[in-house]
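A quick write-up on the structure given underneath.
None of the figures in this text is laboratory data; all of them are computed from the coordinates on show. Since we're looking at a predicted model, the values are computed, not measured. All Cβ positions, glycine included, derive from the backbone under ideal geometry; neighbour counts span all protein chains shown.
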There are 2 protein chains.
Amino acid sequence: MNQELTVGQLSEGQLIARFAPLLAEQSAASGESAESYQILGPGDDCAVVAAPDGRFVISTDTQVQGQDFALVWPSGVRSSGFDTGHKCATQNVADAAAMGAVPSSLVVSLTLPKNTPVRWVEDLARGLRAGTLACQAPQCHVVGGDLGAGGEISVTATVTGDLQGRDPVRRNGARPGDQVVLAGTVGRAAAGLDLLLDPALELGRDPQLDALVNSQLRPVSPTPWGARLAQSGATSMIDASDGLVRDLTRVATASGVEIVLNREALEELAQPLRPAGEILGQDPLHWVLNGGEDHGLLSTVPADRQLPAGVLRLGSVRAECTAATGVTHTERIWLEQTPVSQLPLGLRGRGWDHFESEDGF
Amino acid sequence: MNQELTVGQLSEGQLIARFAPLLAEQSAASGESAESYQILGPGDDCAVVAAPDGRFVISTDTQVQGQDFALVWPSGVRSSGFDTGHKCATQNVADAAAMGAVPSSLVVSLTLPKNTPVRWVEDLARGLRAGTLACQAPQCHVVGGDLGAGGEISVTATVTGDLQGRDPVRRNGARPGDQVVLAGTVGRAAAGLDLLLDPALELGRDPQLDALVNSQLRPVSPTPWGARLAQSGATSMIDASDGLVRDLTRVATASGVEIVLNREALEELAQPLRPAGEILGQDPLHWVLNGGEDHGLLSTVPADRQLPAGVLRLGSVRAECTAATGVTHTERIWLEQTPVSQLPLGLRGRGWDHFESEDGF
């Protein structure tokens, strides 16, 4: 049997020479000709990126093997380098979009054990580019990076974005009366994760289930909606990376409001998750309420704005109901008449705020 | 004995609440009041940073435990979180400076095993700020980050910088006749590394040796020289992170020139390394030629420019001598009449271009 070529057998220069050209390949292949923000690309101490309005947004996200992805999942499915690169791109461009910005560049730092197959790293480069394209951010290129050895695979990307002259859309601007809307999806990646974690399942046979698994492995954020919602007067926005309830709690807390979710809208999101729910014995509404990683965009928009096709109205914002009820963390968010903290156990989230999960600061 | 508090015992929110305030502390303490580029700091999906001239430079660098630093060195010295944070800041701001830019922001992603002491992480935050201040970049704040668990400590920072309306100073602009200059130092961090790696040494007793060890643990890049050299018409610049010869080879190759180093200047740099050289049986010129990680700035400047006090003239640029001699990679750089590839073995670098060492792309 042939030994597969590993990164430890190449010089860093050879590895970079294989990696770098793949970052652009799919862009040409797809015929995308969006204008890049890149002024100077890889090969110097820094890249140079355009910031036409004199500001840029910036955020960083890390994925670590065994924490944020498994090379082999309990179900037997393997995460390819392509998956990891795709997810890395999506996670990052979603953060820029959630400020109402257009993603303008990525830099990527890779830590690789010496036995990592070179093919895995090449796939990662392809996945990075495929991820930005799937998220409709063809203008966002990998403009630079760093490469080093370590005991576990770790992929850190930093994204920048262009506000195009608009104010950044923050978490703290939701106002009573606003509509709560979602661009993209929630819950699908979480359902996919539970499928991946089930050693008894044989995946790859049911297109509906496989689509959910793909949402976990290669999520797609509807990036252009960030700028579109900002243009529509969005008062707040957040990347739903940690789950609908958890992320809306952040918005509600920062804005000093409460959010009331509409059960009908959530049931609409739960519908495509029913087959997975039946197999795993899970109420699909649980995934909708608590599942992150789809990287949908949650936003609040003034009540008088007509919602464009393509976003789903989830509920509305109301003034916080302080003294009388003794508001707690989770009582910021209500499913119609019920605070989410008082939902049946099977619908409540677990471990929202522990070190096991990740968070930005 | 008290068990030390570890990050696994805190929620991520609690850890962030301890970490974030320390990033600013030393700035106030030092009385620095440089204007920050931060428009919006941590706490949202992205930070917002000013880019007054409509562009920014960007670069990223990772340090991994056991690869780029040791928690305990063979000599018994321990790397504190402060050291790791300080070095992280220096490595990154040096990359911005090497483009002729003023560092404008940092984002930092931390991967931490759950048994990492909280104190180590708090020290890292203090070290990050101390590093930017030591590098005279008080305007450069940590504007955001990411926090997650993993099997080994990994610290990735991304730096941005402001070109202040100037063209970026690249590696490819050196011209025959230019002077080769150094701001800061080379060789000290490499001598310090060899001291740290010697299990027979008892460090902490000789201020001269300790100063070298400190150059390895907490290097200081002369960041303002990046912009100053750019203003002086620098034709090329590079952060000397991988060693004088290796980094000048990059400049010479990118520029299509050769560089001739002056032995007297190198001896001047070797002088303070002599005591360490005697103890370790090493010609100190070896560290000067091949030691990186001091994060000095190497630049080429037109011959007619008067060099300001504070930079050292190392040599000069000449046209490449192609066909006749069959130029190889290392023959780009000469120590007076001798190409560095033909220097005595004890002066030549080792393992310049293997995956063991890191490189940007």
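The Cα-based radius of gyration of the protein assembly as shown, divided by its Kirkwood radius, gives an Rg/Rh of 0.99.
For chain B, the longest principal axis of the C-alpha atoms and the axis of helix B:81-97 are separated by about 50°.
Let's test the formula: R0 of 22 Å, r as the Cβ-Cβ distance of A:D283 and A:E202. What FRET efficiency results, to the nearest 0.05?
0.40
Give a quick list of trypsin sites (Lys or Arg not before Pro) in the range A:52-149 that DSSP marks as loop, anything other than H, G, I, E or B, with at most 14 other Cβ atoms within 10 Å. Filter output for the range A:52-149: A:K114. With θ taken as phi - 60° and the Karplus curve 6.51 cos²θ - 1.76 cosθ + 1.60 applied, the whole-hertz 3J(HN,Hα) list for the range B:171-183 is 8, 9, x, 5, 10, x, x, 4, 8, 9, 10, 10, 9 Hz, x standing for glycine and proline.
Using Cα pairs closer than 8 Å and at least 6 residues apart in sequence, work out the relative contact order for the range A:179-347, in percent.
With pairs under 8 Å counted, the relative contact order is 39 percent.
A helix-only calculation puts chain A at -9500 deg cm²/dmol for mean residue ellipticity at 222 nm, using -39500 (n - 2.57) for each DSSP H run of at least four residues, averaged over all residues.
Stokes-Einstein diffusion for chain A at 20 °C, viscosity 1.002 mPa s, with a Kirkwood radius from C-alpha pairs, works out to 102 µm²/s. Considering all different alpha carbon pairs of the range B:10-162, the Kirkwood hydrodynamic radius works out to 15.6 Å. Remark: label point of A:G256 defined 7 Å out from Cα along the Cα-Cβ vector; separations to the same position in other copies 6.4 nm, ascending. Could you please state, rounded to a whole Å, how far the C-alpha centre of the range B:45-87 is from the C-alpha centre of the range B:113-153? Value for the Cα centre distance between the two parts: 7 Å. Taking amide H as placed 1.01 Å from N in the peptide plane, the amide H of B:E152 sits under 5 Å from none that are at least 5 places away or on another chain. Pairs of Cα atoms nearer than 8 Å and 6+ residues apart set the relative contact order; for the range A:86-159 it is 54 percent. Counting only other chain Cβ atoms within 10 Å of each residue's Cβ, the peptide B:6-13 averages 4. Seen from A:G296, the other residues with C-beta closer than 11 Å to its C-beta sum to a net charge of -3, counting Lys and Arg as +1 and Asp and Glu as -1. With neighbour counts taken as other beta-carbon atoms within 10 Å, the residues A:V260, A:V186 rank, fewest first, as A:V260, A:V186. The mean number of partner chain beta-carbon atoms within 10 angstrom of a residue's beta-carbon across peptide B:156-165 is 5. Estimated from the Cβ-Cβ distance and a Förster radius of 51 angstrom, the FRET efficiency linking B:D53 and A:R274 is about 0.40. Here the calculated FRET efficiency for B:Q3 and B:C321, from their Cβ-Cβ distance with R0 = 51 Å, stands at 0.20, rounded to the nearest 0.05.
Assume the label is 7 Å from Cα along Cα to beta carbon: what separations in nm does B:P308 have to the matching positions in the other copies? So the label point of B:P308 gives 4.9 nm to the other copies. Rounded to two decimals, the Cα-based Rg/Rh of the range B:179-347, with Kirkwood Rh, is 0.99. Per residue, the average separation of C-alpha pairs within less than 8 Å and at least 6 apart gives chain A a relative contact order of 20 percent. For the residues of B:37-44, the average number of beta carbons from a partner chain within 10 Å of their own beta carbon is 5.
Label-to-label distances for B:E268 across copies, nearest first, come out at 7.4 nm, using points 7 Å from Cα in the beta-carbon direction.
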